[in-house]
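Structure first, commentary second.
The values are calculated or read from the model by the stated rules, or taken from the named source; none is laboratory data. Everything numeric here is computed off the predicted structure, so don't read it as measured data. Here the Cβ positions follow ideal geometry from the backbone for every residue, glycine too, while neighbour counts run over all protein chains shown.
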Amino acid sequence: MQHQDRIERRIVVEYGRRYVYITMTDADGKLIPGFEEVFSQPFLLDRKDAWEEAGDCWQDVYQFVSDTCVWPLPEAEDGQAESGEEDAS
């Protein structure tokens, strides 16, 4: 990824065969109290199913972010982002 920004919050979803762990950390990577949860799978998953569940979760997060955020503007040849607005000068 070429874009740089200060990360303010990190949400981590970890998939195991038996449990799913969700945590949120601050900018320094420290766990935020109250933002950690463990969910039990309805039954023991095999490795392939755990991978597929994690992929489904990633797709859901991707869809949420793409629905709620603006895609980055393309960069012009001079390195400036194009705004689509006319320059008043």
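General remarks:
- Near pairs, Cβ below 9 angstrom, 6+ apart or cross-chain, from the range 33-51 (within 12 Å of ILE22 (Cα to Cα) and surrounded by 13 or more Cβ atoms within 10 Å (Cβ to Cβ)) to any residue that is among the aromatic types (Phe, Trp, Tyr) and modelled with pLDDT under 95: none
- Residue list for the range 52-68, filter: of a type in the set (Gly, Ala, Ser) and either exposed (fewer than 10 other Cβ atoms within 10 Å of the Cβ) or at pLDDT below 95 (or both): SER66
- The single condition among (1) in contact with a Phe, Trp or Tyr (Cβ under 7 Å, 6 or more places away or on another chain); (2) modelled with pLDDT under 95; (3) not basic (Lys, Arg) that TRP71 does not meet is (1).
- Subset of the range 13-24 that is among the hydrophobic types (A, V, I, L, M, F, W, C) and within 20 Å of LEU45 (Cα to Cα) - its residue that is surrounded by the most Cβ atoms within 10 Å (Cβ to Cβ): VAL20
- Meets criteria (part of a strand (DSSP E or B), farther than 28 Å from TRP71 by Cβ and either in contact with a strand residue (DSSP E or B) (Cβ under 8 Å, 6 or more places away or on another chain) or of a type in the set (Asp, Glu) (or both)) for VAL20: yes
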